[in-house]
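Asker: Please find one structure pasted underneath; my questions will follow.
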Amino acid sequence: MTTTRRGVGFVAVLVVCLGLAGSLALGAEAGWSMRKLPGCEDLPKRMAAFYRPVEVRLKPAARQYELPLDLSRLNNPNFGKLAYPFQQRDLAAKANAMLAKNGFVVFPAGRFDDVVSFYKAVKSRGLPIFVTSDSLLHLYHIQFDETLRAIEEREFVKDLLAISRAIQAEATKLHASTSGDLKKAARLLAGYATVPVVLLGRTGMDAEALEALKELNSWPPRPSWRQRDAFVRKYSELFQAIRKEQRLPPQRYGLNVPVVRRALQRYIKAHPVAADGTAGAVPDFVADDVKAELELIAAHKGFAPSPLFAYKEDYSQYVPRGHYRRSKKLKQYFKAMMWYGRMTFLIRGQTGRVAGLVPMPVARVQTLAACMLAGMMEGKLPDGRPLAQVWDRLYAVTAYYVGLADDLTPYEYRSALRVVFDGPVRPSGLLDVEKSF
(Lines give C-alpha, C1' and ligand atoms only; values in the text may rest on other atoms or scores of the structure.)
Protein backbone atom coordinates (compact mmCIF):
# COMPACT_ATOMS: atom_id res chain seq x y z
CA MET A 1 0.00 0.00 0.00
CA THR A 2 1.43 3.34 -1.01
CA THR A 3 0.17 6.86 -1.14
CA THR A 4 1.46 10.12 -2.53
CA ARG A 5 1.14 13.54 -0.93
CA ARG A 6 -1.43 15.64 -2.75
CA GLY A 7 -2.64 19.17 -2.14
CA VAL A 8 -6.32 20.00 -1.66
CA GLY A 9 -7.83 22.85 -3.63
CA PHE A 10 -11.01 23.57 -1.69
CA VAL A 11 -10.94 23.88 2.09
CA ALA A 12 -14.27 22.11 2.61
CA VAL A 13 -12.76 18.86 1.33
CA LEU A 14 -10.05 19.02 3.96
CA VAL A 15 -12.12 17.16 6.49
CA VAL A 16 -11.99 13.99 4.39
CA CYS A 17 -8.23 13.94 4.85
CA LEU A 18 -8.84 13.50 8.54
CA GLY A 19 -9.00 9.96 7.21
CA LEU A 20 -5.23 9.84 7.12
CA ALA A 21 -5.31 11.25 10.60
CA GLY A 22 -8.05 8.89 11.62
CA SER A 23 -9.52 9.80 14.96
CA LEU A 24 -9.01 8.34 18.36
CA ALA A 25 -9.96 7.87 21.94
CA LEU A 26 -8.42 4.86 23.63
CA GLY A 27 -10.76 4.23 26.52
CA ALA A 28 -9.81 1.66 29.13
CA GLU A 29 -9.37 -1.38 26.87
CA ALA A 30 -5.89 -2.66 26.15
CA GLY A 31 -6.46 -3.07 22.42
CA TRP A 32 -8.79 -2.11 19.61
CA SER A 33 -11.18 -4.33 17.73
CA MET A 34 -11.36 -3.84 13.98
CA ARG A 35 -15.10 -3.67 13.57
CA LYS A 36 -16.36 -1.91 10.49
CA LEU A 37 -17.03 1.74 11.10
CA PRO A 38 -20.38 3.38 10.38
CA GLY A 39 -20.65 4.40 6.76
CA CYS A 40 -17.62 2.43 5.58
CA GLU A 41 -19.55 0.65 2.82
CA ASP A 42 -22.68 2.64 2.09
CA LEU A 43 -21.36 6.22 2.02
CA PRO A 44 -21.61 6.59 -1.79
CA LYS A 45 -25.21 5.35 -1.59
CA ARG A 46 -25.93 7.78 1.24
CA MET A 47 -24.58 10.64 -0.85
CA ALA A 48 -26.55 9.56 -3.92
CA ALA A 49 -29.75 9.37 -1.85
CA PHE A 50 -29.70 13.15 -1.50
CA TYR A 51 -29.93 13.65 -5.24
CA ARG A 52 -33.35 14.16 -6.77
CA PRO A 53 -33.52 14.56 -10.55
CA VAL A 54 -35.52 17.57 -11.70
CA GLU A 55 -37.62 17.21 -14.82
CA VAL A 56 -37.81 20.44 -16.80
CA ARG A 57 -40.63 20.97 -19.27
CA LEU A 58 -40.71 24.20 -21.16
CA LYS A 59 -41.45 25.42 -24.65
CA PRO A 60 -39.33 28.38 -25.77
CA ALA A 61 -41.65 31.19 -26.84
CA ALA A 62 -39.54 34.35 -26.80
CA ARG A 63 -40.48 36.87 -29.48
CA GLN A 64 -37.89 37.17 -32.19
CA TYR A 65 -36.50 40.34 -33.71
CA GLU A 66 -34.37 41.26 -36.68
CA LEU A 67 -31.25 43.37 -36.80
CA PRO A 68 -30.70 46.22 -37.17
CA LEU A 69 -33.35 47.37 -34.70
CA ASP A 70 -35.69 50.23 -35.46
CA LEU A 71 -35.39 52.14 -32.19
CA SER A 72 -38.49 54.19 -33.00
CA ARG A 73 -40.59 51.03 -32.71
CA LEU A 74 -39.43 50.05 -29.21
CA ASN A 75 -42.21 49.29 -26.71
CA ASN A 76 -40.49 51.61 -24.22
CA PRO A 77 -39.61 54.80 -26.12
CA ASN A 78 -37.96 56.32 -23.04
CA PHE A 79 -35.52 53.43 -22.86
CA GLY A 80 -32.50 55.54 -23.78
CA LYS A 81 -33.17 58.19 -21.15
CA LEU A 82 -33.63 55.54 -18.48
CA ALA A 83 -30.69 53.40 -19.45
CA TYR A 84 -27.85 55.74 -20.24
CA PRO A 85 -26.21 57.21 -17.13
CA PHE A 86 -24.48 59.93 -19.12
CA GLN A 87 -25.72 63.21 -20.55
CA GLN A 88 -23.22 63.64 -23.39
CA ARG A 89 -25.06 63.51 -26.67
CA ASP A 90 -22.18 61.93 -28.57
CA LEU A 91 -22.03 59.01 -26.13
CA ALA A 92 -25.79 58.59 -26.21
CA ALA A 93 -25.76 58.59 -30.00
CA LYS A 94 -22.95 56.03 -30.07
CA ALA A 95 -24.81 53.81 -27.60
CA ASN A 96 -27.99 54.06 -29.66
CA ALA A 97 -26.08 53.09 -32.80
CA MET A 98 -24.60 50.01 -31.09
CA LEU A 99 -28.00 49.06 -29.70
CA ALA A 100 -29.57 49.26 -33.15
CA LYS A 101 -26.76 47.28 -34.73
CA ASN A 102 -26.29 44.51 -32.16
CA GLY A 103 -29.54 44.49 -30.18
CA PHE A 104 -27.66 45.34 -26.98
CA VAL A 105 -25.18 47.82 -25.61
CA VAL A 106 -22.90 47.58 -22.58
CA PHE A 107 -21.79 50.50 -20.42
CA PRO A 108 -20.71 51.05 -16.79
CA ALA A 109 -23.61 51.22 -14.33
CA GLY A 110 -21.87 51.55 -10.97
CA ARG A 111 -20.51 48.97 -8.58
CA PHE A 112 -22.64 46.50 -6.62
CA ASP A 113 -21.50 43.97 -4.03
CA ASP A 114 -24.94 42.40 -3.85
CA VAL A 115 -26.54 40.90 -6.95
CA VAL A 116 -30.03 41.46 -5.50
CA SER A 117 -29.33 45.18 -5.05
CA PHE A 118 -28.23 45.40 -8.66
CA TYR A 119 -31.46 43.92 -9.99
CA LYS A 120 -33.50 46.16 -7.69
CA ALA A 121 -31.67 49.20 -9.04
CA VAL A 122 -32.38 48.13 -12.61
CA LYS A 123 -36.05 47.59 -11.82
CA SER A 124 -36.38 50.94 -10.05
CA ARG A 125 -35.22 52.70 -13.23
CA GLY A 126 -38.00 51.05 -15.22
CA LEU A 127 -35.63 48.98 -17.33
CA PRO A 128 -36.35 45.48 -18.60
CA ILE A 129 -34.44 42.80 -16.67
CA PHE A 130 -32.56 40.07 -18.46
CA VAL A 131 -31.49 37.35 -16.03
CA THR A 132 -28.47 35.49 -17.38
CA SER A 133 -27.53 31.93 -16.51
CA ASP A 134 -24.41 33.09 -14.66
CA SER A 135 -26.65 35.06 -12.26
CA LEU A 136 -28.45 31.86 -11.28
CA LEU A 137 -25.13 30.08 -10.89
CA HIS A 138 -23.89 32.91 -8.67
CA LEU A 139 -26.99 32.75 -6.46
CA TYR A 140 -26.62 28.97 -6.19
CA HIS A 141 -22.99 29.42 -5.18
CA ILE A 142 -23.98 31.95 -2.51
CA GLN A 143 -26.60 29.56 -1.12
CA PHE A 144 -24.07 26.71 -1.17
CA ASP A 145 -21.47 28.85 0.58
CA GLU A 146 -23.86 30.19 3.22
CA THR A 147 -25.25 26.79 4.17
CA LEU A 148 -21.75 25.35 4.46
CA ARG A 149 -20.62 28.34 6.54
CA ALA A 150 -23.59 27.95 8.91
CA ILE A 151 -22.88 24.23 9.40
CA GLU A 152 -19.19 24.85 9.99
CA GLU A 153 -19.69 27.69 12.43
CA ARG A 154 -22.53 26.05 14.35
CA GLU A 155 -21.42 22.39 14.38
CA PHE A 156 -18.04 21.59 12.89
CA VAL A 157 -15.84 24.02 14.83
CA LYS A 158 -16.74 22.48 18.18
CA ASP A 159 -16.66 18.92 16.82
CA LEU A 160 -13.23 19.43 15.26
CA LEU A 161 -11.92 20.80 18.55
CA ALA A 162 -13.41 17.84 20.46
CA ILE A 163 -11.78 15.36 18.07
CA SER A 164 -8.45 17.19 18.25
CA ARG A 165 -8.47 17.20 22.05
CA ALA A 166 -9.28 13.49 22.13
CA ILE A 167 -6.41 12.68 19.78
CA GLN A 168 -4.07 14.86 21.82
CA ALA A 169 -5.09 13.35 25.18
CA GLU A 170 -4.81 9.74 24.10
CA ALA A 171 -1.58 10.28 22.19
CA THR A 172 -0.13 11.86 25.33
CA LYS A 173 -1.10 8.75 27.31
CA LEU A 174 0.51 6.50 24.71
CA HIS A 175 3.67 8.57 24.73
CA ALA A 176 3.99 8.02 28.48
CA SER A 177 3.41 4.26 28.29
CA THR A 178 5.40 3.19 25.20
CA SER A 179 8.95 3.21 23.90
CA GLY A 180 10.88 3.10 20.64
CA ASP A 181 9.00 3.73 17.41
CA LEU A 182 5.65 3.60 19.18
CA LYS A 183 6.73 6.43 21.45
CA LYS A 184 7.86 8.42 18.40
CA ALA A 185 4.53 7.77 16.69
CA ALA A 186 2.62 8.85 19.80
CA ARG A 187 4.70 12.02 19.97
CA LEU A 188 3.91 12.78 16.34
CA LEU A 189 0.18 12.24 17.01
CA ALA A 190 0.27 14.53 20.02
CA GLY A 191 1.92 17.31 18.04
CA TYR A 192 -0.34 16.69 15.05
CA ALA A 193 -3.46 17.19 17.20
CA THR A 194 -2.04 20.00 19.34
CA VAL A 195 -1.62 22.38 16.41
CA PRO A 196 -5.41 22.47 15.74
CA VAL A 197 -6.13 22.55 19.49
CA VAL A 198 -4.12 25.76 19.76
CA LEU A 199 -5.51 27.22 16.54
CA LEU A 200 -9.12 26.54 17.52
CA GLY A 201 -8.45 27.91 21.00
CA ARG A 202 -7.41 31.29 19.60
CA THR A 203 -10.80 32.71 18.72
CA GLY A 204 -10.82 35.72 21.06
CA MET A 205 -10.26 39.33 20.01
CA ASP A 206 -7.56 40.15 22.58
CA ALA A 207 -4.60 39.83 20.20
CA GLU A 208 -6.42 41.85 17.53
CA ALA A 209 -7.07 44.62 20.05
CA LEU A 210 -3.36 44.91 20.81
CA GLU A 211 -2.56 44.94 17.11
CA ALA A 212 -5.20 47.60 16.42
CA LEU A 213 -3.95 49.86 19.23
CA LYS A 214 -0.37 49.52 18.00
CA GLU A 215 -1.43 50.48 14.49
CA LEU A 216 -3.51 53.39 15.76
CA ASN A 217 -0.61 54.78 17.80
CA SER A 218 1.60 54.77 14.71
CA TRP A 219 -0.69 57.15 12.81
CA PRO A 220 0.21 60.78 12.03
CA PRO A 221 -1.69 63.53 13.91
CA ARG A 222 -4.17 63.87 11.04
CA PRO A 223 -4.76 60.49 9.41
CA SER A 224 -6.44 60.47 6.03
CA TRP A 225 -10.02 59.36 5.51
CA ARG A 226 -8.79 56.38 3.50
CA GLN A 227 -6.52 55.28 6.34
CA ARG A 228 -9.32 55.50 8.88
CA ASP A 229 -11.76 53.72 6.58
CA ALA A 230 -9.31 50.88 5.94
CA PHE A 231 -8.71 50.61 9.70
CA VAL A 232 -12.42 50.24 10.44
CA ARG A 233 -12.80 47.60 7.73
CA LYS A 234 -9.78 45.65 8.90
CA TYR A 235 -10.94 45.44 12.52
CA SER A 236 -14.69 45.39 11.93
CA GLU A 237 -15.24 42.20 13.95
CA LEU A 238 -13.22 43.58 16.86
CA PHE A 239 -15.21 46.83 16.82
CA GLN A 240 -18.47 44.90 16.85
CA ALA A 241 -17.32 43.12 20.02
CA ILE A 242 -16.24 46.41 21.62
CA ARG A 243 -19.47 48.18 20.73
CA LYS A 244 -21.51 45.36 22.19
CA GLU A 245 -19.46 45.27 25.39
CA GLN A 246 -19.02 49.02 25.94
CA ARG A 247 -22.31 50.10 24.37
CA LEU A 248 -20.73 52.71 22.13
CA PRO A 249 -22.50 54.02 19.02
CA PRO A 250 -21.05 52.53 15.81
CA GLN A 251 -20.78 55.87 13.97
CA ARG A 252 -18.04 57.05 16.31
CA TYR A 253 -15.56 54.47 15.04
CA GLY A 254 -13.14 55.72 12.43
CA LEU A 255 -14.20 59.35 12.99
CA ASN A 256 -12.72 60.14 16.38
CA VAL A 257 -9.28 58.63 16.98
CA PRO A 258 -9.09 59.45 20.74
CA VAL A 259 -12.46 57.72 21.30
CA VAL A 260 -11.29 54.61 19.47
CA ARG A 261 -7.98 54.59 21.35
CA ARG A 262 -9.68 54.78 24.75
CA ALA A 263 -12.14 52.03 23.75
CA LEU A 264 -9.27 49.75 22.69
CA GLN A 265 -7.38 50.44 25.93
CA ARG A 266 -10.46 49.54 28.00
CA TYR A 267 -10.99 46.35 26.01
CA ILE A 268 -7.35 45.27 26.37
CA LYS A 269 -7.51 45.88 30.13
CA ALA A 270 -10.65 43.75 30.38
CA HIS A 271 -9.23 41.03 28.11
CA PRO A 272 -5.52 40.48 28.80
CA VAL A 273 -3.73 38.47 26.14
CA ALA A 274 -2.70 34.95 27.13
CA ALA A 275 0.77 33.76 26.25
CA ASP A 276 -0.44 31.54 23.41
CA GLY A 277 -4.21 31.72 23.73
CA THR A 278 -4.43 28.18 25.13
CA ALA A 279 -2.67 27.95 28.47
CA GLY A 280 -1.73 24.37 29.30
CA ALA A 281 -2.86 23.02 25.93
CA VAL A 282 0.61 22.09 24.64
CA PRO A 283 2.33 18.97 26.04
CA ASP A 284 5.90 19.72 27.09
CA PHE A 285 7.47 16.89 25.09
CA VAL A 286 6.28 18.36 21.78
CA ALA A 287 6.06 22.06 22.66
CA ASP A 288 9.05 23.22 20.58
CA ASP A 289 7.84 21.59 17.36
CA VAL A 290 4.26 22.80 17.85
CA LYS A 291 5.48 26.35 18.46
CA ALA A 292 7.58 26.19 15.29
CA GLU A 293 4.64 24.88 13.25
CA LEU A 294 2.36 27.65 14.54
CA GLU A 295 4.95 30.29 13.68
CA LEU A 296 5.23 28.94 10.12
CA ILE A 297 1.44 28.92 9.78
CA ALA A 298 1.22 32.50 11.05
CA ALA A 299 3.97 33.67 8.66
CA HIS A 300 2.44 31.73 5.70
CA LYS A 301 5.45 32.55 3.49
CA GLY A 302 5.71 29.38 1.38
CA PHE A 303 7.53 26.07 1.42
CA ALA A 304 9.54 25.12 4.51
CA PRO A 305 10.43 21.82 6.23
CA SER A 306 7.72 20.78 8.69
CA PRO A 307 9.19 20.50 12.21
CA LEU A 308 6.82 17.62 12.97
CA PHE A 309 6.55 15.74 9.68
CA ALA A 310 10.05 16.32 8.22
CA TYR A 311 8.90 16.88 4.61
CA LYS A 312 8.35 20.34 3.10
CA GLU A 313 4.96 21.98 3.51
CA ASP A 314 3.54 24.97 1.63
CA TYR A 315 2.60 27.27 4.50
CA SER A 316 1.28 29.92 2.10
CA GLN A 317 -1.90 27.84 1.96
CA TYR A 318 -2.87 28.87 5.51
CA VAL A 319 -4.38 32.22 4.53
CA PRO A 320 -8.17 32.24 5.08
CA ARG A 321 -10.23 33.04 2.01
CA GLY A 322 -13.85 33.24 0.99
CA HIS A 323 -16.37 33.07 3.81
CA TYR A 324 -13.61 31.92 6.18
CA ARG A 325 -12.54 35.58 6.50
CA ARG A 326 -15.84 36.58 8.12
CA SER A 327 -14.97 35.82 11.72
CA LYS A 328 -12.05 34.86 13.93
CA LYS A 329 -13.70 31.52 14.61
CA LEU A 330 -13.92 30.68 10.91
CA LYS A 331 -10.38 31.90 10.25
CA GLN A 332 -8.98 29.58 12.90
CA TYR A 333 -11.22 26.73 11.71
CA PHE A 334 -9.87 27.23 8.18
CA LYS A 335 -6.27 26.95 9.41
CA ALA A 336 -7.03 23.86 11.48
CA MET A 337 -8.79 22.16 8.58
CA MET A 338 -6.01 23.12 6.21
CA TRP A 339 -3.53 21.53 8.61
CA TYR A 340 -5.55 18.32 8.84
CA GLY A 341 -6.04 18.20 5.11
CA ARG A 342 -2.47 18.82 4.04
CA MET A 343 -0.31 17.09 6.65
CA THR A 344 -0.14 13.49 5.49
CA PHE A 345 1.10 10.40 7.30
CA LEU A 346 3.32 8.92 4.58
CA ILE A 347 3.50 5.19 3.95
CA ARG A 348 6.27 5.17 1.39
CA GLY A 349 9.81 6.13 2.46
CA GLN A 350 13.11 6.46 0.67
CA THR A 351 15.05 3.30 -0.12
CA GLY A 352 17.77 2.41 -2.57
CA ARG A 353 15.15 1.63 -5.23
CA VAL A 354 12.17 3.75 -4.18
CA ALA A 355 11.92 7.52 -4.10
CA GLY A 356 10.18 9.12 -1.14
CA LEU A 357 9.73 12.41 0.64
CA VAL A 358 11.14 11.11 3.93
CA PRO A 359 13.58 8.36 4.98
CA MET A 360 12.07 4.93 5.57
CA PRO A 361 12.41 5.11 9.39
CA VAL A 362 10.38 8.35 9.37
CA ALA A 363 7.74 6.83 7.08
CA ARG A 364 7.57 3.82 9.42
CA VAL A 365 6.78 6.08 12.39
CA GLN A 366 4.18 8.02 10.38
CA THR A 367 2.51 4.79 9.26
CA LEU A 368 2.39 3.57 12.85
CA ALA A 369 0.77 6.85 13.86
CA ALA A 370 -1.89 6.56 11.14
CA CYS A 371 -2.66 2.97 12.11
CA MET A 372 -2.93 3.95 15.77
CA LEU A 373 -5.46 6.61 14.92
CA ALA A 374 -7.52 4.36 12.72
CA GLY A 375 -7.53 1.69 15.41
CA MET A 376 -8.66 4.06 18.15
CA MET A 377 -11.81 5.31 16.45
CA GLU A 378 -14.09 3.14 18.56
CA GLY A 379 -13.51 5.27 21.64
CA LYS A 380 -15.81 8.02 22.88
CA LEU A 381 -15.57 11.76 23.34
CA PRO A 382 -16.06 13.30 26.80
CA ASP A 383 -19.71 14.02 25.97
CA GLY A 384 -20.33 10.31 25.32
CA ARG A 385 -20.57 10.43 21.55
CA PRO A 386 -18.66 7.68 19.71
CA LEU A 387 -15.66 9.23 18.00
CA ALA A 388 -16.22 7.26 14.79
CA GLN A 389 -19.77 8.59 14.63
CA VAL A 390 -18.63 12.22 15.03
CA TRP A 391 -15.95 11.79 12.38
CA ASP A 392 -18.37 10.03 10.03
CA ARG A 393 -20.85 12.90 10.43
CA LEU A 394 -18.15 15.42 9.57
CA TYR A 395 -17.06 13.37 6.58
CA ALA A 396 -20.54 12.58 5.28
CA VAL A 397 -21.78 16.17 5.36
CA THR A 398 -18.60 17.50 3.80
CA ALA A 399 -18.59 14.79 1.15
CA TYR A 400 -22.15 15.76 0.25
CA TYR A 401 -20.90 19.25 -0.56
CA VAL A 402 -17.60 18.52 -2.30
CA GLY A 403 -17.41 14.79 -3.07
CA LEU A 404 -15.90 11.67 -1.57
CA ALA A 405 -12.27 11.39 -0.50
CA ASP A 406 -9.59 10.39 -2.98
CA ASP A 407 -7.08 9.72 -0.19
CA LEU A 408 -6.88 6.99 2.41
CA THR A 409 -9.48 7.22 5.17
CA PRO A 410 -9.95 5.28 8.42
CA TYR A 411 -12.06 2.81 6.40
CA GLU A 412 -9.07 1.77 4.26
CA TYR A 413 -6.65 1.68 7.18
CA ARG A 414 -8.97 -0.43 9.30
CA SER A 415 -9.66 -2.75 6.37
CA ALA A 416 -5.91 -3.30 5.98
CA LEU A 417 -5.51 -3.84 9.71
CA ARG A 418 -8.27 -6.45 9.65
CA VAL A 419 -6.25 -8.37 7.07
CA VAL A 420 -3.01 -8.04 9.00
CA PHE A 421 -4.40 -8.77 12.45
CA ASP A 422 -6.88 -11.56 12.90
CA GLY A 423 -8.40 -10.29 16.14
CA PRO A 424 -7.98 -7.29 18.43
CA VAL A 425 -5.10 -4.90 17.73
CA ARG A 426 -2.79 -3.93 20.58
CA PRO A 427 -0.45 -0.96 20.36
CA SER A 428 2.64 -3.15 20.60
CA GLY A 429 1.42 -5.26 17.69
CA LEU A 430 1.57 -2.28 15.37
CA LEU A 431 5.36 -2.54 15.32
CA ASP A 432 5.00 -5.33 12.75
CA VAL A 433 2.60 -3.43 10.55
CA GLU A 434 5.24 -2.19 8.09
CA LYS A 435 6.49 -5.72 7.40
CA SER A 436 2.91 -6.89 6.93
CA PHE A 437 2.21 -4.13 4.42
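Asker: How much accessible area does Asp284 have with a 1.4 Å probe, in Å² rounded to the nearest 10?
Answerer: 140
Asker: Mind putting together the pair-distance distribution for segment 92-249? All Cα pairs, 5 Å bins, whole percent per bin, short to long.
Answerer: Reading the bins upward from 0: 1, 6, 8, 9, 9, 10, 10, 11, 10, 8, 6, 5, 3, 2, 1, 1, 0.
Asker: I've got another one for you. So what's the net charge close to Arg414: Lys and Arg +1, Asp and Glu -1, counting the other residues with Cβ under 9 Å from its Cβ?
Answerer: Around Arg414, the surrounding residues sum to +2.
Asker: So what's segment 154-235 giving for Rg/Rh, alpha carbon basis, Kirkwood Rh from the mean inverse pair distance?
Answerer: 1.30
Asker: If ligands, DNA and RNA are left out, what is the accessible area of Glu66 with a 1.4 Å probe, given in Å² to the nearest 10?
Answerer: 150
Asker: If you count only protein heavy atoms with a 1.4 Å probe, what accessible area per residue comes out for segment 322-415, rounded to a whole Å²?
Answerer: 37
Asker: Also: Using θ = phi - 60° and the Karplus curve 6.51 cos²θ - 1.76 cosθ + 1.60, what whole-Hz ³J(HN,Hα) does each residue of segment 55-69 get, with Gly and Pro shown as x?
Answerer: Calculated HN-Hα couplings, in order: 8, 10, 10, 8, 10, x, 9, 6, 5, 8, 9, 10, 9, x, 6 Hz.
Asker: Let me ask another. Averaging over every viewing direction, what projected area does the convex hull of the Cα atoms of segment 369-410 cover, in nm²?
Answerer: 3.3
Asker: With +1 on the Cβ of every Lys and Arg and -1 on the Cβ of every Asp and Glu, and nothing else charged, how large is the dipole of segment 279-329 about its Cα centre, in debye rounded to the nearest 20?
Answerer: With only Lys, Arg, Asp and Glu charged at Cβ, the dipole is about 540 debye.
Asker: Leaving ligands, DNA and RNA out of it, report the carbon-plus-sulfur percent of the accessible area of segment 147-239 at a 1.4 Å probe.
Answerer: Using a 1.4 Å probe with all protein chains present, segment 147-239 comes out at 52 percent carbon and sulfur.
Asker: For a test of the definition: using alpha carbon positions, the gyration tensor, and the 1.5 limit on a/c, classify segment 298-437 as rounded, prolate or oblate.
Answerer: Note, shape of segment 298-437 comes out oblate.
Asker: Mind ranking Lys312, Lys331, Lys59 by accessible surface for me, highest first, 1.4 Å probe?
Answerer: Lys59, Lys312, Lys331
Asker: Skipping prolines and chain starts, which residues have an amide H placed within reach, meaning under 5 Å, of the one on Glu313, given they are 5 or more residues away or on another chain?
Answerer: For Glu313, whose amide H was placed from the backbone, the distant partners under 5 Å are Ala304, Ser306.
Asker: Considering the dipole of segment 279-437 built from charges on the beta carbon (Lys and Arg +1, Asp and Glu -1) around the Cα centre, which of Val425, Leu387, Val365 is farthest to its positive end?
Answerer: The residue sitting most towards the positive pole is Leu387.
Asker: A further question on this structure: Of Phe144, Leu127, Thr194, whose Cα points farthest to the positive end of the dipole of segment 102-198 (charges on the beta-carbon: +1 Lys, Arg; -1 Asp, Glu; origin at the Cα centre)?
Answerer: Most positive-ward Cα: Thr194.
Asker: If you rank His141, His323, His175 by how much accessible surface each has, with a 1.4 Å probe, what is the order from largest down?
Answerer: Largest accessible area first, the residues go His141, His175, His323.
Asker: Once phi is turned into θ = phi - 60°, what whole-Hz ³J(HN,Hα) does the Karplus curve with 6.51, -1.76 and 1.60 give for every residue of segment 320-330, x standing for Gly and Pro?
Answerer: For segment 320-330, the Karplus-derived couplings read x, 9, x, 5, 6, 8, 6, 8, 4, 4, 5 Hz, x marking Gly and Pro.
Asker: Let me ask another. 5 Å is the cut-off here: which amide hydrogens, built 1.01 Å from N in the peptide plane, fall below it relative to Trp32, excluding neighbours closer than 5 in sequence?
Answerer: It is Val425, Arg426, by chain and number.
Asker: Same structure, new question: Find how many whole Å separate the alpha carbon centroid of segment 132-183 from the alpha carbon centroid of segment 385-401.
Answerer: If we compute the Cα centre of each part, the gap is 9 Å.
Asker: What is the dipole size for segment 282-437, taken about its Cα centre, with +1 at each Lys and Arg Cβ and -1 at each Asp and Glu Cβ, in debye to the nearest 20?
Answerer: 560
Asker: With every protein chain kept in the model, how would you rank Trp225, Trp32 by accessible area, 1.4 Å probe, largest at the top?
Answerer: Trp225, Trp32
Asker: Accessible surface of Thr344 in the full protein assembly, 1.4 angstrom probe, to the nearest 10 Å²?
Answerer: Number for this one is 10 Å².
The values are calculated or read from the model by the stated rules, or taken from the named source; none is laboratory data. For clarity, every value in this text was computed on a predicted model and none was experimentally measured. Here Cβ is always computed from backbone atoms with ideal geometry, including for glycine, and neighbour counts include all displayed protein chains. The accessibility values were calculated without ligands, DNA or RNA, using every heavy atom of the protein model including side chains. Shrake-Rupley method; radii C 1.70, N 1.55, O 1.52, S 1.80 Å.
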